[in-house]
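The values are calculated or read from the model by the stated rules, or taken from the named source; none is laboratory data. Please read all numbers here as calculations on a predicted model, not as lab measurements. So basically every Cβ, Gly included, is an ideal-geometry build from the backbone, and we count neighbours across all protein chains shown.
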Amino acid sequence: MNKRIRLKDVAERAGVAVNTASTILNRRPNSWASKETEARVFQAARELGYRPSKTARALRSGRYHTIGLLIQDLTNPFFSTLADELEAAVEERGYDLLVENCRSSLVREKHLFADLEDLEVDGSVLWLSDNEVFRPELAAIADTKQPVVVLGNGIPEKPIPVDAVLSDFTQGLNDAVEAICQLGHKRFAFVSALAEGQADGQRPRLFQEMLAARGIPAENIDILRTGHTVESACETFAGFLKQRPDKRPTALFAMNDLAAIGAMRAAIEVGLSIPADLSIVGVDDVPLCSYLPITLTSIRQRYKKITRTAADLLISRIEAADPTVLPPRQAVFATVYTPRESVGPAKS
């Protein structure tokens, strides 16, 4: 078995004291070492393959230099992109990222949430299935002063009791609905992709209200509920099209891009042309949208702004001399309608 490389070995290779090597490798702000010395220590660590013990470092410094991220579904490219952006943001500040995946299971989500205190992290970023459902638990976390930032969609009537970074879908969805109505569409469908037991949230209601304000009657709007996978969305919309050979919608909005892609496949398989027969709009604007055979129109969430703001809020609370003086803070970013090839005029 290979011998574990210790901090002492790195210090000896670099020709410095152990305390100096520790200060440099832990990027402490009180380091007096020259740039040349720092470069020598990092080079020695790389050559020896040194990996510091996070537990030992935490015992010395009181920190793990690790951030936790709780997300809903790593198979959804929205969440994998979010995780990648957050990892880049926290790494710039000297932190690692530990990802916990709920797999779109409410049971697993509650289990992971309950175990947050057991993670060897300094704080956590949480994308929960429903912030309102977890409001009592978030209030309890606020009482313990555990650093947490929640992410999510929609602006709650009552402020969340911990730091929050939220997407406001009102602007992006309103612009999308206006653009599609201007293209002459009169019949609509909304695909609501949900985990088992999850509530619809605000988006279907907002969608219906915005269409009603533009004179679209309720009977011209179909709300389709489906599972969280692309397969489920495809099967649900395929079944709907089979049952509705006439008076089909000419425009479809989906709760996320994955559901939009599933619906697009179902439409193509029954012989519909995108966008001549059916215009499709997704939500999130994952990078894949720009590279599909028919590029997908979407309502963009501001990944970089969301993740960098979350990192700033969380790390500022972790590193604050007295985090109790910081009240809960909230940042809100508007979504952006991003038209591409999947939308076009309604057939006359």
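Figures for the structure shown
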item	result
Matching residues, segment 178-204, being assigned to a helix (DSSP H, G or I), modelled with pLDDT of 95 or more and within 18 Å of Ala263 (Cα to Cα)	Ile180
Qualifying residue in segment 229-241 (condition: buried (at least 18 other Cβ atoms within 10 Å of the Cβ), in contact with a His (Cβ under 7 Å, 6 or more places away or on another chain) and not assigned by TED's automatic domain parsing to the domain that holds Phe78)	no
Residue in segment 319-348 that is surrounded by the fewest Cβ atoms within 10 Å (Cβ to Cβ), counting only those that are β-branched (Val, Ile, Thr) and touching a residue at least 40 places away in the same chain (Cβ under 8 Å)	Thr324
Extreme residue, surrounded by the fewest Cβ atoms within 10 Å (Cβ to Cβ), among residues of segment 131-149 that are touching a Pro at 6+ places or on another chain (Cβ under 6 Å) and of a type in the set (Gly, Ala, Ser)	Ala139
Counted residues, segment 269-307 - those being in a strand (DSSP E or B) and either touching a Phe, Trp or Tyr at 6+ places or on another chain (Cβ under 6 Å) or buried (at least 23 other Cβ atoms within 10 Å of the Cβ) (or both)	9
Enumeration of residues in segment 235-276 that are of a type in the set (D, E, K, R) and in contact (Cβ under 8 Å) with a residue 24 or more places away in the chain	Glu235, Lys242, Lys247, Arg248, Asp257, Arg265, Glu269
Count - residues of segment 19-54 that are modelled with pLDDT under 85, over 32 Å from the mean Cα position of the chain (by Cα) and over 24 Å from Arg4 (Cβ atoms)	4
Unique residue being touching a strand residue (DSSP E or B) at 6+ places or on another chain (Cβ under 7 Å), within 23 Å of Leu211 (Cα to Cα) and of a type in the set (Gly, Ala, Ser) when the list is Ala254, Ala331	Ala254
Unique match (being within 18 Å of the chain's Cα centre (by Cα), in contact (Cβ under 8 Å) with a residue 60 or more places away in the chain, crowded, with 19+ Cβ neighbours inside 10 Å and under 23 Å from Thr226 (Cα atoms)) among Ala193, Ala189	Ala193
Answer from Ser342, Ser348 - the residue that is outside any helix (DSSP H, G or I), more than 16 Å from Gly282 (Cα to Cα) and not assigned by TED's automatic domain parsing to the domain that holds Pro161	Ser348
Some residue of segment 300-312 being among the aromatic types (Phe, Trp, Tyr) and more than 27 Å from His185 (Cα to Cα)	yes
